[in-house]
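Shown next, in structure tokens, is the structure this report addresses.
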Amino acid sequence: MKGVIAWLKSRLLIVICCVLILVFLPAGYVVSGMLNTNIQKQAEDSFKTEQRKLRARASVEYGLPAIFEGEESISDPRPPNAKVTAFYEQSRDERTRQVGEVVKLASEFNRKGRQPLVEGLLPKPADERDRRLAEQMARMISGREAGDGQLPLMRQMLSSINAGGAIADTALAESLYDFQQQQEQKLRDESSTGRLTPEQQDALDAELRKRRLSAYASRAADLSVYATPAVFEVQLPGGQGFGPLEPDPRTRGYTEDDAFAWQFDLWVFEDLVAAIQSANSGGVDVRDSVVKRVESVRLFGFQPNAQDGTIYGARTTHTGRATAKANQVYDVRQGRMTTVMSAANMTRFIDALGDTNFISVTSVRLTKVDPWADLQEGYYYGSEAVVRVEMDLECVYLRDWIVPYMPESVRTALGVVVPGSDDESDG
């Protein structure tokens, strides 16, 4: 035993190396196995990643977006192909161009080349001293500048479509009274008793009725529709009823906000008057017209609510259209029109509203007309059947042309995002 120990001591380095070899061989096997597993996993993950990239490059999702309501977008997954790529790029560019043209045409149709009534007033006068322009606009609308207070702008609109009021009853009454006095005096002079017989009195009464009816028919032949500036009303501030669009030029302190509201009202009235003209274009006078009489046109106010961009007091309709901060495309004006029109051709006026501008009829209420009662007021409609129609209307105005005329306070209340502004980049 001593000899073995002596031999080990004399060869201690060799012994230690042998022990280390015996210890490290199993450990090396275990460690190498673990390293091999890790390397294998990394290799597999790298392969799968490259495989996904290759598969992605082997199939491209070609597509075209839908641009019409009810249309489905096109999706076409396939291997990449230069000619197919060029085709879809060209098709997308063409659709984008067509959409741009449609938007441009829609804007032109909606705007109709209109400009503000007073130049330099909207959206804000260049000089604070030019705020007097709002007072100038008030005078132009009210007519008080000319001293008559007869709403000259509305009168001009109605004159352009040959509209007017019924024959003045006082003038007609005076004319008939003069005729009656002349005839009675003539018959008395011819009578031996100096009095009219019952037959003569009946004949004179019949002649008076005939002359009155003839005067009414003559007035109807001179007009295309019965309508006066007084029938056009706007909602008063705060929703306190309705009244004529007649700002008082004597009031000081009118702002561009007031001017914008007046201007917007005038543009809507222009469209409604144009629709009446379009519907009546085939007729010669009231007796042939579709819209024979306009009894009332009420335009609800355009007062923005700064909280959500809606319009105070705006009614909800089944169309779902609304002015709101979430809607950056258009604003909605609501109105109500009451007319007497041809029962057989009522739909022609509804079509005329849509042909004139983006105007929708959201509800219709029909009531019976007593032609004889209206005749007593001077309204002669002719021989065809008529009906009284009350319509609720929605008039849509695109913001791409109307926003440049909006004062800053109106834009802020409506949440209008102007292209290129900080609001647009934030949102």
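The residue of the range 346-366 that is farthest from the chain's Cα centre (by Cα), among those that are more than 26 Å from Tyr216 (Cα to Cα) and part of a strand (DSSP E or B), is Arg365. Residue count for the range 73-128 under the criterion of being small (Gly, Ala, Ser), at pLDDT 85 or above and closer than 30 Å to Ile141 by Cβ: the result is 4. Considering the range 75-102, the residues that are surrounded by 13 or more Cβ atoms within 10 Å (Cβ to Cβ) and among the β-branched types (Val, Ile, Thr) include one that is farthest from Val268 (Cα to Cα), namely Val84. Checked against (1) under 20 Å from Val329 (Cβ atoms); (2) part of a strand (DSSP E or B); (3) out of contact with any helix residue (DSSP H, G or I) (no Cβ under 7 Å at 6 or more places or on another chain), Thr412 passes all but a single condition, namely (2).
For the range 195-233, a residue qualifies if it is farther than 15 Å from Gly378 by Cα and surrounded by fewer than 12 Cβ atoms within 10 Å (Cβ to Cβ), and the qualifying residues are Arg195, Thr197, Pro198, Glu199, Asp202, Asp205, Ala206.
Among the residues of the range 240-254, is any within 21 Å of Met391 (Cα to Cα), out of contact with any Lys or Arg (no Cβ under 6 Å at 6 or more places or on another chain) and either among the hydroxyl-bearing types (Ser, Thr, Tyr) or at pLDDT 95 or above (or both)? No, the range 240-254 contains no residue that is within 21 Å of Met391 (Cα to Cα), out of contact with any Lys or Arg (no Cβ under 6 Å at 6 or more places or on another chain) and either among the hydroxyl-bearing types (Ser, Thr, Tyr) or at pLDDT 95 or above (or both). Figure legend. Inter-residue proximity from the range 58-87: first residues basic (Lys, Arg), second residues part of a helix (DSSP H, G or I), beta-carbon distance below 8 Å, spacing 6+ or different chains. Indicated pairs: Arg78/Val84. Pro304 fulfils the conditions (1) buried (at least 22 other Cβ atoms within 10 Å of the Cβ); (2) at pLDDT 95 or above except for a single criterion, (2). Residues that are in contact (Cβ under 8 Å) with a residue 40 or more places away in the chain and under 15 Å from Leu121 (Cα atoms) within the range 389-413 comprise Ile402, Pro404, Tyr405, Met406, Pro407, Glu408, Ser409, Val410, listed in sequence order. Restricting attention to the range 367-407, the residues being among the hydrophobic types (A, V, I, L, M, F, W, C), in a strand (DSSP E or B) and farther than 23 Å from Ala220 by Cα number 5.
Residue check: is Val387 modelled with pLDDT of 95 or more, surrounded by fewer than 18 Cβ atoms within 10 Å (Cβ to Cβ) and either among the small types (Gly, Ala, Ser) or closer than 27 Å to Phe242 by Cα (or both)? Judged against the criteria, Val387 is a match.
The values are calculated or read from the model by the stated rules, or taken from the named source; none is laboratory data. Computed from a prediction, not measured in an experiment: that's the story for all the values here. Note that we place each Cβ from the backbone using ideal geometry, even for glycine, and neighbour counts take in every protein chain shown.
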